[in-house]
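Reviewing the structure listed below.
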Amino acid sequence: MCGLAGIIAGSGQTEGMLRSQISQMIKALHHRGPDREAVWIGEGVALGHQRLSIIDLSDAGAQPMVSACGRYVIAYNGEIYNHLALRDMLAAEGAAPSWCGHSDTETLLAGIAHWGLDETLCKTRGMFAIALLDRQRGRLSLARDRMGEKPLYWGWAGKALVFGSELKAIRRHSEAPSETDREALALFLQFAYVPAPRTIHPGLFKLEPGTILETTLSFPAAPPDKALRPGQRYGELFIRQYWSIEETLTKGDQQRFSGDAEAITEIERTLSDAVERQMLADVPLGAFLSGGVDSSLIVALMQTHSMRPIRTFTVGVENADYNEAPHAALVARHLGTDHTEVTVTEAEVQQVIPMLPTLYDEPFADSSQIPTFLVSKAARAQVTVALSGDAGDELFCGYDRYFWGERIWNRISWMPYPARAALGASLGAVSVGAWDRTGALLNLRAGRNSGLGDKVHRLASRMRRVRTSDDLYRSLVTDWLDGALVSAIGVRSDARLNDPMPSHLSEDPVGRMMLQDMRSYLPDGILCKVDRAAMGVSLETRVPFLDPDVIDIAARLPASMRARDGRGKWALRQILYKHVPRELIDRPKSGFGIPIGLWLRGPMRDWAEALLAPEALARTGLMASGPIRNAWAEHLSGRRDWTHKLWIVLMFRAWEEHNR
């Protein structure tokens, strides 16, 4: 795992200026690769690399690396798990060079020299962000892995084209933009992250997963008016797609499993192979373990491939309602792992919060970013690589919203929209308190606030707004449903969520929601969260569920094998039950969270109040303060739980103050 940065010089830049700029940029990524720093400069291009040595710890794996033929120069972040198999293929075709070492970087270059970039990437099983200079053709290519495990940003700094693993590297360029993109902010307020291809800064973009950006060294001197999408050209700059999740799902639909036994056998074999591939490392390796289905299955399969106890790590909190650590400990004991448990305290959370704007570079508001950072820090004390169970929910139907979202739609979709909107208005007219009292009378969640009022008001708002199942999905993943903050800015969304749906999902609302999560929430939310938290402490994370073969297998599951008897991840559960007793696994799903809402009313109140003060909100000039102040007052009173809405605003305000 590493960090990369680069520049294609604009007019008037000398080699000395280029070297100074790239040196500043790459130093900002020291945390991603503390083992070695290096730059390469030639032909008006500068490439920089920070190395975290995982495979081939010698200088033979150092980057930027020049190909054996001298044509290509690469700076690369990631791991190619099947690179030894690729070497065998090259040898069989008489195209293997005289290898200098056993790094996957050298394998990539040899593959590109023989097969070309696109074909090489399609042959890989791995995660990557790549900058490749073709010196013969005078072209630069940027490429990102299929599902977006590794980040890659690009855009303009003055008249130079710049790129890097994180925005902080690009911002080190003296002419990098620093202002806030108002439309990107509007999207952030909706989704709690900035969806690709946008970033929080105008003129800077995220390269979308599964795509390649290619440009000559003569590129437009200014950024386009809107973000480029795959298939679009801007001057000599072009973005193309080499892999598509939509095509993968369509192909899977044509090859559906017909029997349970066949599906379970194939999933177990494929996932086990992926886990074994991803355990390849020349450094200590472990895994995150929450005690849920996904991480427990990954650890169980890792243990089958290891002669020694796998090192596992989990994080817990002192509040029992949020604490999954006891469940993880039971699973770890059953599997016989070498287990480490970290308890998150209020004091530790408050120490991490000031670091978040630096870790994430742009506003990011999943509060589990805090325990993710803390468990990564604990893991890094013992290992350099950690496998995770991320992406199991998106690929195998694990989120609760898939089930009650479908139930909501089935119950309201038959009504004409005007009648639906009128019913929603009527439900919303009854106060939250009145609904809560009704819930208490119905004995819902005896002894605790029923929460019925919040649920009914959210449903009422959705009934007034949604016309299709896709509208419903957006409402389920949007916290500021009333639009008060967003409408004050105005937004033109060019995110992946607007892309056409495959025809086979036309009558499958759950499948459509899963695809939307794979398009946006997974790469821009979940994977971003884990990458920044882990790389902030120089820990490499790997995601076996995102092995291309596993994705292909998941795409072949019919609805009945995704979920059954009202429970998600049916197929994964059948495999896990072979390794872990049901009673350790079958419990209500809970997120990887901490009691931020409670702490905002207590030890974090002063910090939040300073950021949400009327004068502070007015100073930004970007958001309407009325709805924010109302939500804050209701949250403090305990009448409503606005944790998610408030955390979104707080993370923007913290980022804004940090970058003033």
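The table for this structure:
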| item | result |
| --- | --- |
| Extreme residue, positive dipole direction of region 331-407, given options Thr372, Thr337, Ala391 (C-beta unit charges) | Thr337 |
| Where GluC sites (Glu not before Pro) fall in DSSP loop in region 293-358, at most 14 other Cβ within 10 Å | Glu318 |
| Expected 222 nm ellipticity per residue - DSSP helices of 4 or more, -39500 (n - 2.57), all of the chain, to 500 | -12500 deg cm²/dmol |
| Solvent exposure of the chain as accessible area per residue, Å², 1.4 Å probe | 37 |
| Using distinct alpha-carbon pairs, which all enter the 1/r mean, Kirkwood radius of the chain in Å | 25.8 |
| With DNA, RNA and ligands ignored, accessible area of Cys100 (1.4 Å probe; Å², nearest 10) | 110 |
| Viscosity 0.890 mPa s, temperature 25 °C, Stokes-Einstein D of region 486-581 from Kirkwood C-alpha radius, µm²/s | 150 |
| 3J(HN,Hα) from dihedral phi, region 17-22, Karplus parametrisation 6.51/-1.76/1.60, rounded to Hz, x for glycine, proline | 5, 5, 5, 5, 5, 5 |
| All lysines inside 27 Å of Lys569 as judged from Cα atoms, apart from same-chain residues fewer than 8 positions distant | Lys150, Lys251, Lys455, Lys529, Lys578, Lys589 |
| Amide H contacts under 5 Å for Thr340, placed H, 5+ residues apart | Thr312, Phe313, Thr314 |
| Cα-centre dipole for the chain with unit charges at Cβ (Lys and Arg positive, Asp and Glu negative), debye to 20 | 1400 |
| Spacing of the two label points (7 Å from each Cα toward its C-beta) at Asp59 and Cys122, in nm | 3.9 |
| Share, in percent, of DSSP beta bridges within the chain that are antiparallel, nearest 5 | 75 |
| Fully extended contour minus Cα-Cα distance, from Trp404 to Met355, at 0.36 nm per residue | 14.1 nm |
| Accessible surface of the chain [probe 1.4 Å, protein heavy atoms]: carbon and sulfur percent | 50 |
| Lys, Arg +1 and Asp, Glu -1 on Cβ, resulting dipole of region 516-626 about Cα centre, debye, nearest 20 | 480 |
| Note, ³J(HN,Hα) from phi for region 200-205, Karplus 6.51, -1.76, 1.60, rounded to Hz, x at Gly and Pro | 6, 10, x, x, 10, 9 |
| Residues in region 272-311 reached by a label modelled at Arg587 [backbone nitrogen below 19 Å; 7 Å Cα→Cβ] | 288-300 |
| Value of relative contact order over the chain, rounded to a whole percent, pairs C-alpha under 8 Å and six or more apart | 15 |
| Where a label projected 7 Å from the Cα of Asp552 along Cα→Cβ would reach, residues of region 266-300 with amide N under 17 Å | 266-278 |
| Loop-resident sites, region 158-252, for GluC sites (Glu not before Pro), counting at most 15 other Cβ within 10 Å (DSSP) | Glu175, Glu179, Glu236 |
| Interchain or long-range residues, amide H under 5 Å from Leu387's placed H | Gly286, Ala287, Phe288, Arg542 |
| Backbone N under 20 Å from the Glu179 label point (7 Å along Cα→Cβ), restricted to region 186-230 | 186-189, 198-206, 221-228 |
| Computed Kirkwood radius, in angstrom, where 1/r is averaged over Cα pairs of region 144-200 | 12.3 |
| Relative contact order for region 238-342, counting Cα pairs under 8 Å that sit 6 or more residues apart, in percent | 22 |
| Estimated FRET transfer efficiency when R0 is 56 angstrom, pair Val537-Leu427 (beta carbons, to 0.05) | 0.75 |
| Whole-angstrom Cα spans of region 48-184 along principal axes, big to small | 53, 29, 27 |
| Cβ-Cβ FRET estimate between Met89 and Arg233, R0 fixed at 35 Å, reported to 0.05 | 0.60 |
| Added length on full extension, which subtracts the Cα-Cα distance from 0.36 nm per residue, Leu622 to Arg137 | 170.1 nm |
| Dipole of the chain, positive direction: furthest Cα of Ser413, Tyr76, Ser426, with charges on the beta-carbon | Ser426 |
| Top positive-direction residue, dipole computed over region 112-225 with Cβ charges, set Leu117, Pro177, Leu213 | Leu117 |
| Largest-first principal axis extents, alpha carbons of region 67-130, Å | 26, 23, 22 |
| Length added when fully stretched, Ser503-His334, from 0.36 nm per residue minus Cα-Cα | 56.4 nm |
| Pairwise FRET efficiency - Ala261 versus Thr343, Cβ, R0 = 41 Å, nearest 0.05 | 0.45 |
| Using alpha carbons only: equivalent-ellipsoid semi-axes of region 138-280, gyration tensor based, whole Å | 36, 17, 16 |
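The values are calculated or read from the model by the stated rules, or taken from the named source; none is laboratory data. None of these values were measured; they are calculated from a predicted model. No Cβ is skipped: glycine too gets one built from the backbone with ideal geometry, and neighbour counts run over all protein chains shown. In case anyone asks, the SASA skips ligands and DNA or RNA and just uses the protein heavy atoms, side chains included. Shrake-Rupley method; radii C 1.70, N 1.55, O 1.52, S 1.80 Å.
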